Amino acid sequence: MSRRSAGSWAVPPPGSAPELDVLVPSYGREAELAVTLSGLASQDGPAFSVVISDQSDGAPAWEHPAVAAMTRVLKAQGRPVRLERHLPRHGLAEQRHFLLGLATAELVLFLDNDVWLEPGMLARMTAAIRQEGCGFIGAAVQGMSFLDDVRPGEQEPFELWDGPVSPEHIRRSDERFARWQLHNAANLTHIAAELGIADGGWRLYKIAWAGGCVLYRRDALLDCGGFEFWRELPPDHAGEDVVAQLKVMERYGGAGILPSGAVHLESPTTVTDRSTEATDVVLRE
């Protein structure tokens, strides 16, 4: 995590054309969604819009007073907010496919509804993807309850990108897929502390995939099929984000960013049936 004094960020002027669309798939979790939106309201750029696709069983999450308040804050800052009620549910891949179809900006950030972003995070991620020109930059979420849980064994696969981010062909059977361990607990927070990254700076490292907060070049994601594969999956599935990232990575490259600046709120998962792993169905070798 980087340090930044409160009130030191500047809001893009109202009416600025969004450089990126923040896409938030949502199911329940009204309190968590309010925290997620508060993190977006603290960002200092670039200009962005927010699209929330809600699939809650009851009233949509934006009817909750805290969520409604934060949507008003974002709108007052000149950041467009679009609220979509998307039912019936056909699974996470279809929900992401729907959101991607609503995006128009050059960049799209898929942000889970239980992730808080520290100030300056969008600026760092955007600067990194523009510098590298790769397909995506992931900020793996960190569990702050694990700050005292140091896991040297899980940090062993860590490897910085030394030079431009380049394409990699990785599947679950590949030894490089073990990089997923880097994103457990608070591993990245501990690694970033050892690197001594200056405020506002970043380093990119090699990943298998990242969950919760991933910034794509929209053209790259679409060129790799986006989430069209949702039709191959039953409604109850997991790993749809892994499929999309592995496909983009092998054509355009992808990287993780440090410091991550993405905090997992550590609420119980809403994906309770994981009997179908999307990579096993879509990326059969």
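When region 269-279 is limited to residues that are out of contact with any Leu (no Cβ under 8 Å at 6 or more places or on another chain) and farther than 13 Å from Trp230 by Cα, the one that is surrounded by the most Cβ atoms within 10 Å (Cβ to Cβ) turns out to be Thr270. Restricting Pro65, Pro60 to those that are farther than 21 Å from Leu92 by Cα and either free of Cβ contacts under 8 Å to residues at least 24 places away in the same chain or of a type outside the set (Val, Ile, Thr) (or both) reduces the list to Pro65.
Every residue, every condition in (1) among the hydrophobic types (A, V, I, L, M, F, W, C); (2) on the phi > 0 side of the Ramachandran plot; (3) modelled with pLDDT of 85 or more, yes or no:
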site	(1), (2), (3)
Ala6	yes, no, no
Ser26	no, no, yes
Arg29	no, yes, yes
Thr36	no, no, yes
Leu40	yes, no, yes
Ser53	no, no, yes
His64	no, no, yes
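The single condition among (1) among the polar types (S, T, N, Q); (2) under 28 Å from Ser42 (Cα atoms); (3) touching a Pro at 6+ places or on another chain (Cβ under 9 Å); (4) not in a helix (DSSP H, G or I) that Thr269 does not meet is (3).
Take Pro12 and tell me if it is at pLDDT 90 or above and either crowded, with 17+ Cβ neighbours inside 10 Å or of a type in the set (D, E, K, R) (or both).
no
Selection of region 91-123 for residues being assigned to a helix (DSSP H, G or I) and surrounded by 20 or more Cβ atoms within 10 Å (Cβ to Cβ) yields Leu92, Ala93, Glu94, Gln95, Arg96, His97, Leu99, Leu100, Met121, Leu122.
Conditions (1) within 26 Å of Leu102 (Cβ to Cβ); (2) modelled with pLDDT under 95; (3) part of a helix (DSSP H, G or I); (4) not small (Gly, Ala, Ser), marked per residue:
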residue	(1), (2), (3), (4)
Thr189	no, no, yes, yes
Ala192	no, no, yes, no
Ile197	no, yes, no, yes
Gly201	no, yes, no, no
Leu204	no, no, no, yes
Ala210	yes, no, no, no
Gly226	yes, no, no, no
Ala244	yes, no, yes, no
Val281	yes, yes, yes, yes
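When Arg72, Arg79, Arg85 are checked against the criterion of being farther than 23 Å from Arg231 by Cα, surrounded by fewer than 19 Cβ atoms within 10 Å (Cβ to Cβ) and of a type in the set (D, E, K, R), a single residue qualifies: Arg72.
Take the conditions (1) modelled with pLDDT of 95 or more; (2) surrounded by 18 or more Cβ atoms within 10 Å (Cβ to Cβ); (3) not in a strand (DSSP E or B); Arg251 misses just one of them, which is (2).
From the list Leu195, Leu160, pick out the single residue that is surrounded by fewer than 23 Cβ atoms within 10 Å (Cβ to Cβ), farther than 15 Å from Val22 by Cβ and touching a Phe, Trp or Tyr at 6+ places or on another chain (Cβ under 6 Å). Spell out the reasoning first.
On the way: Leu195 fails: touching a Phe, Trp or Tyr at 6+ places or on another chain (Cβ under 6 Å).
It is Leu160.
The values are calculated or read from the model by the stated rules, or taken from the named source; none is laboratory data. The shown structure was predicted, so the numbers you read here are calculated from the model rather than taken from an experiment. Reconstructed Cβ throughout: ideal geometry from the backbone, glycine too, with neighbour counts over all protein chains shown.
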